C-alpha cells in the first residue's frame, strides 16, 4: 500500500440533462466568404495530345496528380479545337498523328501571335525526328519512351 486515499468523493452534486437530437444540434456559425487575393496564382492548363490511347491515359492519370488542369486531344485537329476553347500553358504534343500531325500544330501555333506564350513539348517515337529543323520551334523534344516522372518535372519547369 502506498498510503494514497483511493476512495471516491460521492458528495458532488452532478445533474445530467438529456437532450433530444433536435436540441443537441448545433448550427454552424455563418462563415464569411473569402475572396482570393487579386494576385493569387491561377491554375496552369496542360493539354496532352496523342493518338495512342494507352499513352494518353497514362500521361493523363499521372498529370492529374499535379496542380494543373488537364485536357486531352486525340489528334492535331482535336488539339486546335481545344486550344481555341481554352488556351493551355503547356502542350505535350505527339508528332505522328492522323488528320493533323504535331509539326502542323506546332507551326500553326508559332505563326499565331495569340499563342506565342504556350510552351510545347514534342514527343516522338522516331529517333531521327529530334534532328528535323521543325523541332527548333518546340521548347523541348523528347523521344519515347519517356519517364512519366521526367515529363511531370519538365511540365512544372515550363509552366513557371
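Throughout, read-outs are computed from the coordinates displayed, never taken from laboratory work. Quick caveat: nothing in here was measured; it's all calculated off a predicted structure. In this analysis, Cβ positions are derived from the backbone assuming ideal geometry, glycine residues included, and neighbour counts consider all displayed protein chains.
General observations
- Shown for 146, 155: other C-beta atoms within 10 Å of each C-beta, ranked fewest to most, produce the order 146, 155.
- With the convex hull drawn over the C-alpha atoms of the stretch 45-159, the volume per residue is 90 Å³.
- Distance between modelled label sites at residue 153 and residue 111, nm, 7 Å Cα→Cβ extension: 3.6 nm
- Between residue 57 and residue 131, the contour length at 0.36 nm per residue exceeds the alpha carbon distance by 23.8 nm.
- Reducing the stretch 55-87 and the stretch 105-127 to their Cα centroids gives an inter-centroid distance of 14 Å.
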